[in-house]
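For reference, the structure discussed in these notes is given below.
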Amino acid sequence: QPNSGAAPKTGRSKKALEEPAARAPDVDSLGFQAMDRNVPGLSHVILQKLNMKSYEDYKSAMDGRKSGSDFGIRTYFDMFQKMEDTFKFCVECKKLPDALPDPKSLRRCKRCQNVYYCGVACQRANWPLHKKFCKKLKLVALDRLVEWLVFTGDIPFPTETWTKPARDVKGWEDWFSMQEQLEEKLDAIVAGRYMTLLWANAGKPRPEDAELRESIRRLVTDFHSRPLTIGLGLRLFGIDPLTRPLTVHVVGASHVETLNTRLTDYDELTRMFPGHQGVEMVMVGVDVVDGPIMRPPLTTLAPRGKVYLSSYKGLYHDFWESHVETKLAARPDLVVGFHPGFHACPDLLAGWLPTLLLLRDYRLPVLFTVYSEQELKASLQILVELETRVVGYASNPFASLRPEQVHSSPNKAPVYCSSHYIALLGAEDLPGAEELEDDD
């Protein structure tokens, strides 16, 4: 997920995490290159279904420069069918519908509702592999549809000010325990208008209400994973938002962090740290999406008790030179990079290199997240080679619980956003860098 803004960013669930780092694909945030690599022509199928001629058309639409009519979607049924069309290929022989004598001959696995086969022979040949992942892929397919409720505003539900100190909230079980009338909130979403519209148009049978409630819970963790991970980073470095206003830079932000982002999306930090002195979040990356947060960073302190979102469309080291050094933006108290993916291949590392060296040489507290232990090891190796001081790494207690499909080849173990973190502070040979808090 090359996320410095210097190169296209890998998708939230699109890395080939099980393969050696040296062979990891260079894919962008929307998975187009990944799909080309795994299933030739699949990205062209997506564009054709969306009535677009090029990837640039798609990015323009994502950036808000083209109207929704360009997608050729007229009804909810059209929308869900076009989404599903992007997954229609034989998972065994990799044939697309147009390559089959009868394009409608693809049949979906009844168990997971996620993978397709062009015939019985391919299904039987693929079953020994698919059966390892079928149950998990059922959750992947379900959450992919229910995620629509994030865009309608049903998810996440309203949350409460934390009744426990942040240090005592060890993970999602503790977080959910603080939510008043949780079951009533989940039931209201399950019975809501958009959930009904979803399953009236999805072309799949509606799951049991208990399954839908669990899907909503997973998607709520997916939504709040980023602000809670930022809160974790503040605690790890002993940065107290109750004592002074803070600035957090999200380096390499792109579509993944900024598509349809609302000004209130990081307000969970206010509930996590009630009475804080103000937090500014600056999204920095070449693929930051135009929207409400596309406003200049603050030149004054963040407003007390508020989380203020701003952004900069460009490379981080350029932002540092043009804004931080000239005091048009505050120096960050913490820098966070969600799935930077600089391990993926040498040219992506070249794109990240100026940013990594800047973060190292200015001794900025940095928290990176990764998808898996494999990616963790590969990233650590690069950071050590750059003589960056790694002060901690571990599983993230606030990793998303939503399983996501790896690439367009689904028969692999699903991954989870921000499953692990790496904490950095300066260069390895600089004395005096403080350690992380003992309790973490």
> Out of all the residues in the range 241-249, is one or more in contact with a Leu (Cβ under 7 Å, 6 or more places away or on another chain) and outside the structural domain of Pro297 (by the TED database)?
Replying inline: no
>> Can you report the number of residues in the range 391-410 which are aromatic (Phe, Trp, Tyr) and open to solvent by 10 Å² or more (accessible area, probe 1.4 Å)?
In response: 1
> Just a yes or no: is a residue in the range 140-147 touching a Cys at 6+ places or on another chain (Cβ under 9 Å), open to solvent by 70 Å² or more (accessible area, probe 1.4 Å) and under 28 Å from Lys94 (Cα atoms)?
Replying inline: no
>> Going through Ala302, Ala330 one at a time, which residue ends up being among the aliphatic types (A, V, I, L, M), open to solvent by 20 Å² or more (accessible area, probe 1.4 Å) and assigned by the TED database to the domain that holds Arg389?
In response: Ala330
> Of the numbered conditions (1) touching a residue at least 24 places away in the same chain (Cβ under 8 Å); (2) open to solvent by less than 20 Å² (accessible area, probe 1.4 Å), Gln179 satisfies every one except a single condition; which is it?
Replying inline: (1)
>> Which of the numbered conditions does Thr196 fail, given that it passes all the others? Conditions: (1) buried (at least 16 other Cβ atoms within 10 Å of the Cβ); (2) part of a helix (DSSP H, G or I); (3) polar (S, T, N, Q).
In response: (1)
>> It is to be established whether one or more residues within the range 311-330 are in contact (Cβ under 8 Å) with a residue 24 or more places away in the chain, in a helix (DSSP H, G or I) and charged (D, E, K, R).
In response: no
> Looking only at residues in the range 318-362 that are within 21 Å of Ile422 (Cβ to Cβ) and of a type in the set (Phe, Trp, Tyr), which one is farthest from the chain's Cα centre (by Cα)?
Replying inline: Tyr362
> Which is closer than 30 Å to Met79 by Cβ and at pLDDT 95 or above, of Arg217, Arg193, Arg144?
Replying inline: Arg217
>> Could you go through the range 356-365 and let me know if any residue there is open to solvent by 10 Å² or more (accessible area, probe 1.4 Å), basic (Lys, Arg) and closer than 15 Å to Leu424 by Cα.
In response: yes
> Out of all the residues in the range 211-251, which are open to solvent by less than 10 Å² (accessible area, probe 1.4 Å) and closer than 19 Å to Asp187 by Cβ?
Replying inline: Leu212, Ser215, Ile216, Leu219, Val220, Thr221
> If you go through the range 110-126 one residue at a time, how many are surrounded by fewer than 14 Cβ atoms within 10 Å (Cβ to Cβ) and among the aromatic types (Phe, Trp, Tyr)?
Replying inline: 0
> Limited to the range 350-365, what total is found for residues that are touching a Phe, Trp or Tyr at 6+ places or on another chain (Cβ under 9 Å) and outside any helix (DSSP H, G or I)?
Replying inline: 2
> Of everything in the range 279-294 that's touching a residue at least 60 places away in the same chain (Cβ under 8 Å) and over 17 Å from the mean Cα position of the chain (by Cα), which residue is surrounded by the most Cβ atoms within 10 Å (Cβ to Cβ)?
Replying inline: Gly291
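Every residue, every condition in (1) crowded, with 16+ Cβ neighbours inside 10 Å; (2) in contact (Cβ under 8 Å) with a residue 24 or more places away in the chain; (3) outside the structural domain of Gly337 (by the TED database); (4) in contact with a helix residue (DSSP H, G or I) (Cβ under 7 Å, 6 or more places away or on another chain), yes or no:
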{"position": "Lys170", "(1), (2), (3), (4)": "no, yes, yes, no"}
{"position": "Glu184", "(1), (2), (3), (4)": "no, no, yes, no"}
{"position": "Asp187", "(1), (2), (3), (4)": "no, yes, yes, no"}
{"position": "Arg206", "(1), (2), (3), (4)": "no, no, yes, yes"}
>> Quick test of your reading of the structure: Thr388 fulfils all but one of (1) under 30 Å from Pro241 (Cα atoms); (2) out of contact with any helix residue (DSSP H, G or I) (no Cβ under 6 Å at 6 or more places or on another chain); (3) surrounded by 22 or more Cβ atoms within 10 Å (Cβ to Cβ); (4) not basic (Lys, Arg). Name the failing condition by number.
In response: (2)
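The values are calculated or read from the model by the stated rules, or taken from the named source; none is laboratory data. Worth saying up front: this structure is predicted, and the values here are computed from it rather than measured. Because the Cβ atoms are built from the backbone with ideal geometry, glycine has one as well, and the counts that use them run over all protein chains shown. Surface accessibility is based on the protein's heavy atoms, side chains included, excluding ligands, DNA and RNA. Shrake-Rupley method; radii C 1.70, N 1.55, O 1.52, S 1.80 Å.
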